[in-house]
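The structure appears right after this line, and notes come after that.
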Amino acid sequence: MRASHPDPYRAIDAQADPDKLIQSLEQRGRTRSHAQLRRRFLRFVGIRPAERVLEVGCGSGVVLRDVAALVGPEGRVVGVDPSRRAVDIARSLCAGPEHRRVTVRLGDGMALPFSARRFDVALAVTVVLHVADPQALVTEMARVTRPGGRIGLQDQDFGTVAVTHPDRELTDRIMRGVASRIYEEPHSGRRLPGLLRAAGLDDVRLRTGVYQDTDLEPYTKTFLERRAENAVRFGIADATTVQRWLDGFTRLVADRSFVMTMNFYGAVGTKPGRKTAQ
Ligand SMILES: C[S@@+](CC[C@H](N)C(=O)[O-])C[C@H]1O[C@@H](n2cnc3c(N)ncnc32)[C@H](O)[C@@H]1O
């Protein structure tokens, strides 16, 4: 099978090396700044013991494992992902006794394999960015959430990437050029509250977290290397130029002057109707 869309997360299983993409989710999940902003977002959504929580686009299960700790032994956590390989890996990483209440299913967020009002909370963490019709995804998440339940979305926003580099013009060209060719909406994060309101949800709130790295952690390094590869692929810069660009980051790390930040927007809304669990 050949991948046609430039965003590899649209169709993980169609990529040349699906495991590499899935491993990068685990790498990101372990990165301290990312773990902090992900867990802050889950606290903002207000996940409580004994709740039934759905995560759409669960990937390797980084968020499922965090949510399992919050809902405890009386809760239930369900992950859905359209990638067969991601589902297999998430199942194996959620196999321990502490994750007994976690199940993972193959499925598309646009047509969830669940009846209406089944969950207390539905989440999509860095998924809206990757889907063709974000509004349809949020509407479908609202369908499977009970009245009074919450829908929580978290997404990065590539319009907010700030990174140190001596060649600012080249950095802007690569960052903006690559993101605009891969994603329909590179500024996905800032649109999340609007998507929740358009889906008819109440009490929509926003909390912005900042990913921050001053050490060029493995996740950041992979992120910049992928930007460099794609810059060559899209004809934004040649291979020699992008190698020089990557070397510039390495030198900044050696001088202890490297900084990269990026906003992650977290938004939550409540489905109108009855406030008590069914
Ligand atoms: C960047 S990963 C995020 C994984 C996980 N939520 C996390 O934060 O680690 C995006 C995920 O969305 C999934 N995805 C892509 N299209 C989807 C769709 N239409 N419905 C549900 N999930 C989708 C991908 O397979 C991938 O696992």
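Remarks
- Computed over the range 107-189: relative contact order in percent, which uses C-alpha pairs under 8 Å that are six or more apart: 34
- Among the trypsin sites (Lys or Arg not before Pro) in the range 204-278, those placed in a DSSP loop whose Cβ has at most 15 other Cβ atoms within 10 Å are ARG256, ARG274, LYS275.
- When +1 charges are put on Lys and Arg Cβ atoms and -1 charges on Asp and Glu Cβ atoms, the dipole computed for the chain relative to its Cα centre reaches about 1020 debye.
- Karplus-based coupling profile of the range 140-150, in residue order and whole Hz: 5, 5, 5, 4, 8, 9, 6, x, x, x, 10, with θ = phi - 60° in 6.51 cos²θ - 1.76 cosθ + 1.60 and x standing for Gly or Pro.
- Acute angle (nearest 10 degrees) that the helix 84-93 long axis makes with the longest principal axis of the chain, alpha-carbon atoms: 80
- For the range 1-76, the pair-distance distribution built from all alpha carbon pairs, in bins 5 Å wide starting at 0, is 3, 15, 21, 20, 16, 12, 9, 4, 1 percent.
- Relative contact order (%) - the chain, alpha-carbon pairs under 8 angstrom, separation at least six: 20
- With both residues required to sit in the chain, DSSP beta bridges show an antiparallel share near 50%.
- Normalised by 2.2 N^0.38 Å, where N counts its residues, the alpha-carbon radius of gyration of the range 124-230 equals 1.24.
- Distance from the alpha carbon centroid of the range 230-245 to that of the range 190-211 works out to 35 angstrom.
- Against the chain, whose longest principal axis comes from its Cα atoms, helix 239-254 is set at around 80 degrees.
- Amide H to amide H, with H built 1.01 Å from N, PHE119 comes under 5 Å of THR145, ARG146, counting only residues 5 or more places away or on other chains.
- When the alpha carbon gyration tensor of the chain is reduced to an equivalent ellipsoid, its three semi-axes come out at 33, 19, 18 angstrom, largest first.
Readers should treat all values here as calculations from the given coordinates under stated rules, not as data from a laboratory. Since we're looking at a predicted model, the values are computed, not measured. In this analysis, Cβ positions are derived from the backbone assuming ideal geometry, glycine residues included, and neighbour counts consider all displayed protein chains.
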